[in-house]
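Report on the structure given below.
The values are calculated or read from the model by the stated rules, or taken from the named source; none is laboratory data. What you see is a predicted model, and the numbers here were worked out from it, not measured in a lab. With ideal geometry, Cβ positions are generated from the backbone for all residues, glycine too; neighbour counts draw on all protein chains shown.
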Amino acid sequence: MRERDAVIGRNFYIRRKKPTIYETVHICKRSWGWRTSWQETVNDGTENAWPRWCDEDHSLDEDGKYISERTLPWEIHSVEDIRRYLLTGEWELIDEYGEVYPDWESEIAELVEWDGGKASWNARHPEKPVLWEPKEHDKESGNGYRDHEGNIMVRGGFC
């Protein structure tokens with residue numbers, strides 16, 4: 001993890017390797033003081049449906065309907081669902097700064113373990129340890145749940 005990762009937030013996405021601008025899906029946010037918050041994505045036409053605010057699709061027909069199908073092969077309800085996308089080899093892990101993570105397995109593992117930067121800070125500053133516990137979006141918003149691995153999954157958009 002780079003030093004800047006410990007002090008600023010970072011959004012992560014999966015993106016089709018042969019992308020159109022419409023095939024980038026927000027999967028999580030890591031931010032100082034918070035555990036990683038993972039994004040649920042469903043194909044039901046609600047605000048959680050893909051694509052939400054990652055890209056705007058201007059390909060509407062004369063009746064205002066989308067020209068292309070706007071669904072994912074499967075919905076995202078867990079970190080395991082995200083891993084399944086990446087395991088196909090058709091998708092890659094990318095962050096909001098455009099950095100692609102070829103070793104996505106290690107990065108996903110770090111995101112799962114992220115403790116709001118507490119451990120990293122304490123290792124570098126043993127004389128001034130952080131004593132607080134990281135916040136969790138599902139508890140703060142009341143709009144989340146835990147997947148079968150215990151990861152925080154959030155319904156609805158967030159940044």
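Observations on the structure shown:
- Unique match (being modelled with pLDDT of 95 or more and either of a type in the set (Gly, Ala, Ser) or in a loop (DSSP other than H, G, I, E, B) (or both)) among Ser68, Ser106: Ser106
- Some residue of the stretch 21-39 being in a loop (DSSP other than H, G, I, E, B), surrounded by 11 or more Cβ atoms within 10 Å (Cβ to Cβ) and modelled with pLDDT under 60: yes
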